[in-house]
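The values are calculated or read from the model by the stated rules, or taken from the named source; none is laboratory data. If you're wondering where the values come from, they're calculated on a predicted model, not measured in any experiment. Note: ideal-geometry Cβ built from the backbone for every residue, glycine included; neighbour counts use all protein chains shown. For accessibility, only protein heavy atoms count, side chains too; no ligands or nucleic acids. Shrake-Rupley method; radii C 1.70, N 1.55, O 1.52, S 1.80 Å.
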2 protein chains.
Amino acid sequence: MSDNAFALKGLFVDTPEIGALRTREGYLVCKDGVVAGFYDTLPDCFSGIEVTDCGDALVIPGMSDLHLHASQYSYCGTAMDLELLDWLDNYTYPEEGRYADPAHAKAYYEIFTRDLLHTATTRAAIFATIHTDATLELMRQLSKAGMGAYVGKLNMDRNCPDYYSEHTPENGEAETRRWLECCREAGFARVHPILTPRFTPSVTDAYMERIGKLAAEFGVPMQSHLSENRSEIEWVKALCPDTENYAETYARFGLFGGDCRTIMAHCIYCPEEEDRMMKEGGVFIAHCPTSNENVIAGIAPAARYLRQGYEIGLGSDVAGGHTLDLFAVMASAVQVSKLRWRYVDQSEKPLTMAEAFYMATAGGGRFFGKVGLFEPGYRFDVVVVDDGKNRNLRTFTPGERIERCAYLGGAAITAKYVDGCRIL
Amino acid sequence: MSDNAFALKGLFVDTPEIGALRTREGYLVCKDGVVAGFYDTLPDCFSGIEVTDCGDALVIPGMSDLHLHASQYSYCGTAMDLELLDWLDNYTYPEEGRYADPAHAKAYYEIFTRDLLHTATTRAAIFATIHTDATLELMRQLSKAGMGAYVGKLNMDRNCPDYYSEHTPENGEAETRRWLECCREAGFARVHPILTPRFTPSVTDAYMERIGKLAAEFGVPMQSHLSENRSEIEWVKALCPDTENYAETYARFGLFGGDCRTIMAHCIYCPEEEDRMMKEGGVFIAHCPTSNENVIAGIAPAARYLRQGYEIGLGSDVAGGHTLDLFAVMASAVQVSKLRWRYVDQSEKPLTMAEAFYMATAGGGRFFGKVGLFEPGYRFDVVVVDDGKNRNLRTFTPGERIERCAYLGGAAITAKYVDGCRIL
């Protein structure tokens, strides 16, 4: 019975309950790509299966990055002093435009994929560019690397430079359809398409409507940005005068949760009605604390979202965010929530590290199915973390070790499994 | 003429003016421990001196860390979810108390010294503990490693646990005098004593008065904390009802700038009169953005201090701060100043990375003398930074490379000179 089974032996940390780490020593058994069970000692029915001893490493669920721009990775951590519009005009759009060149896309996405592979992230929801072929190239590379991902070819037909636009809804729809059909044909393992209107200011109503229809026709989810800063919200109001709020600019075309699984990045300044729509539609909030700080967007009420039962995970939001490392994003989530408590709202206590860890693993993992916990039936997405560099004469609890991985960095990912396949 | 001279060849970045990076390729010549000059090509008078080629590494001035607690390093990056008082009672005081044991001090300070040596920091102002022997041990180790430092045996005689107190002003003065005399006798190279009343709540007026007299008698500088949070300020007011402000609790005993060179950590909530006293006395502000965020103190008006001509540098404030790496502290300084702009004060634009780099090098360096610039007569404190890990197919400017060292981490310090001596 153990043909497709194996086990890891070690110290396992996950968060079945929000706000508390669960720490167990023993055996995590994988069968057919999913968790068969956790055992203090290996049961007889699994005798003889291969057991890999992880020693004193930390073994954690693979992390899910709910928001990042692969095409911005090359300049990650630069130009952070620029105003947002200068940053878009001088860095973002010119760089994204270069992905029209297949050679550029291939070379730069190779770097991105390699670096992502060496983080604790096992699954991600990724923005590519408007270019179908480059997007397919990224999907091919991620799939080849064994990563789990939703990847989006961007939709943009307004308020963007001429060299980086799909120009008309018709053209955009045709190209998006071609892309979705190519994806269907390619059947990338673990890598799927996700419709990606960049954000309302970049997409005409006519195009958004067609995207909504494509989502229904192809049964694919969608991702975009929501209420990141106040001037953006004003802009959306001016562009879509017949909507009550930003969320409605997506929702009226069937692109806001419900049947269309949805990720919305940021959600810093949502009015009450938007909150209600997110909760009702089961919309996933991608909380991106590093990016929100870097582009001076503000601090999202992530602690409230999490504690009130919204779907929420973390996003690195490279390259508004400066790092792919979700451990670092966890630390940032805790830190900015402290400043939010200090300066914005003392009714909501700051996030704890256990809550941040939940968001990075179980919280974001829910978008991908049964992902992010060491429970029977969950995908066997596992990361082995060697934090030896962070250890000293002192004895640290597993929780303290997680915390030091977040604050100090320096943890090495020594093994990584997705669906039970070892990919690192 | 070139007996004590050598040169580094490479790409040099420093900040002779606040807010702008200066980038030069050429030769930096060291003679007798100080910068003799910078040259595009090596002049005849230096022909034949040893030249080390730094290749395409970044060569920057050694950084000065104006505030950190060496005795808290072992648990750096843990317990960040605790309230400040719980953190002090459960982590800080018990750990600092252990330095009564010379074996503990030796072992833990070895780890601290080794790790500090591998950062970009060349000089630091350090809090030890109340223990004379442990403090001397730390000074000996730092001196042996070649680092430049001011190190303080702490003064504490109130509001601290019985096991970690000097109990009376008489006892505290006697021990502090013994320590200062031992320092004089030992004559540690580049490592000097600095008087360190922990902060006003830990030191009775009677003891503070004696510390002021010791500062004058021995001609040593002082360091402490100032206006870190509002409840601390209220507490100080209650403890010292006859003072106008927190600064005066030090100043009335000659411990606030002027003849007594002074570093004050934090300075987040200084009233106008305190600001005036700091500027007039040339008091150095240790801006500690990581710590101020972690312990939920707030965000100091560092951009205003810097642009209005206050003396200001950066402090890692380990272990309120979670990292010794001043590159990371630079990024944090920029990031929190953006949130300050967003939520506290839109009259002062956020810090730029060039300004943060200035604070980490030239700004903090001024406390140590002519330190932190590649100008003739300055101490030859130089750090060679291999940022190869952060490079990719894209071409980065030197400024972008500095920025990526700050945001991404991952730079390796491959050589380090203090006073022209290679220490790494």
Looking only at Cα atoms, what is the convex hull volume of the stretch B:121-176 per residue, in Å³?
81
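If you build the Cα gyration tensor of the stretch A:1-115 and take the root of 5 times each eigenvalue, what three semi-axes come out, in whole angstrom, biggest first? Present the calculation step by step, with values, prior to reporting the outcome.
Values: eigenvalues 384, 70, 24 Å².
Equivalent ellipsoid of the stretch A:1-115: 44, 19, 11 Å, largest first.
Rounded to the nearest 0.05, what FRET efficiency is calculated for B:Gln346 and B:Asn159 with R0 set to 45 Å and r the Cβ-Cβ distance? Write out the running numbers ahead of the final one.
On the way: r = 38 Å, r/R0 = 0.84.
FRET efficiency, B:Gln346 to B:Asn159: 0.75.
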Mind checking the full-extension length gain between A:Gln308 and A:Ala186? Use 0.36 nm per residue of separation minus the Cα-Cα distance, one decimal, nm.
39.9 nm
Mind listing, in residue-number order, the residues in the stretch A:385-409 that have at least 40 Å² less accessible area with every protein chain present than in their own chain alone (1.4 Å probe)?
A:Asn392, A:Leu393, A:Arg394, A:Glu400, A:Glu403, A:Arg404, A:Tyr407
In what order, largest first, do B:Lys9, B:Lys153, A:Lys370 sit by accessible area if the probe radius is 1.4 Å?
A:Lys370, B:Lys9, B:Lys153
On C-alpha positions alone, give me the angle between the axis of helix A:230-239 and the longest principal axis of chain A, in degrees, nearest 10.
50
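Tell me the net charge near B:Asp14. Cut-off is 9 Å between Cβ atoms, B:Asp14 excluded, with +1 for each Lys or Arg and -1 for each Asp or Glu.
Working: positive: B:Arg22, B:Arg24; negative: B:Glu375.
Residues close to B:Asp14 contribute a combined charge of +1.
Using a 1.4 Å probe and counting only protein heavy atoms, how much accessible surface gets buried when A and B come together, both sides summed, in Å² to the nearest 100? Display every interim value, and only then the final one.
Working: alone 16750 and 16820 Å², together 29450 Å².
It comes to approximately 4100 Å² buried between A and B.
Could you please tell me the mean projected area of the C-alpha convex hull for the stretch A:294-363, averaged over all directions and given in square nanometres to one decimal? Please list the in-between numbers first.
Numbers: hull surface 17.7 nm².
Averaged projected hull area, Cα only: 4.4 nm².
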Degrees separating the helix A:169-186 axis from the principal Cα axis of chain A, which is the longest one
30
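As an exercise, use a Förster radius of 45 Å and the Cβ-Cβ distance of A:His118 and B:Leu42 to find the FRET efficiency, rounded to the nearest 0.05. Don't skip to the end; give the middle numbers.
Details: r = 42 Å, r/R0 = 0.93.
Calculated value: 0.60.
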Hey, got the dipole for the stretch A:97-167? About the Cα centre, +1 on K and R Cβ, -1 on D and E Cβ, debye to the nearest 20?
280
More than 34 angstrom separation, counting every C-alpha pair in the stretch B:63-368; what % is that?
12
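For the stretch B:20-131, which whole-number percentage of the solvent-accessible area (1.4 Å probe, protein heavy atoms only) is attributable to carbon and sulfur atoms?
Working: 2030 of 4080 Å².
The value for the stretch B:20-131 is 50 percent carbon and sulfur by accessible area.
How many Å³ per residue does the convex hull of the Cα positions in the protein assembly as shown occupy?
On the way: hull volume 140.8 nm³, N = 848.
That works out to 166 Å³ per residue.
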Overall dimensions of the stretch B:96-229 as given by Cα atoms, namely Rg and Dmax in Å:
14.3, 41
Once the Cα atoms of helix A:205-218 and of chain A are each reduced to a long axis, what angle between those two axes, in degrees from 0 to 90 to the nearest 10, is obtained?
40
Pseudo-spin-label distance B:Leu82 to B:Glu244, built 7 Å along Cα→Cβ, given in nm, is 3.8
Return the residues of the stretch A:326-344 for which accessible area with all protein chains present is lower than in the chain on its own by 40 Å² or more; set the probe to 1.4 Å and exclude ligands, DNA and RNA.
A:Gln335, A:Lys338, A:Leu339, A:Arg342, A:Tyr343
For q = 0.22 Å⁻¹, Debye-computed log10 I/I(0) when each Cα of the stretch B:169-269 counts as one equal scatterer
-1.15
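Antiparallel as a % of all DSSP beta bridges within chain B, to the nearest 5? If you can, show how the numbers build up before the last one.
Details: 29 of 64 bridges.
Rounded to the nearest five, the antiparallel share is 45 percent.
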List the residues of the stretch B:60-86 whose accessible area drops by at least 40 Å² when all protein chains are present, compared with their chain alone, using a 1.4 Å probe and counting only protein heavy atoms.
B:Ser74, B:Gly77, B:Thr78, B:Met80, B:Asp81
Taking the Cα centre as origin and putting +1 on Lys and Arg beta-carbons and -1 on Asp and Glu beta-carbons, what dipole magnitude results for the stretch B:63-368, to the nearest 20 debye?
1080
Å² per residue, accessible surface of the protein assembly as shown at 1.4 Å:
35
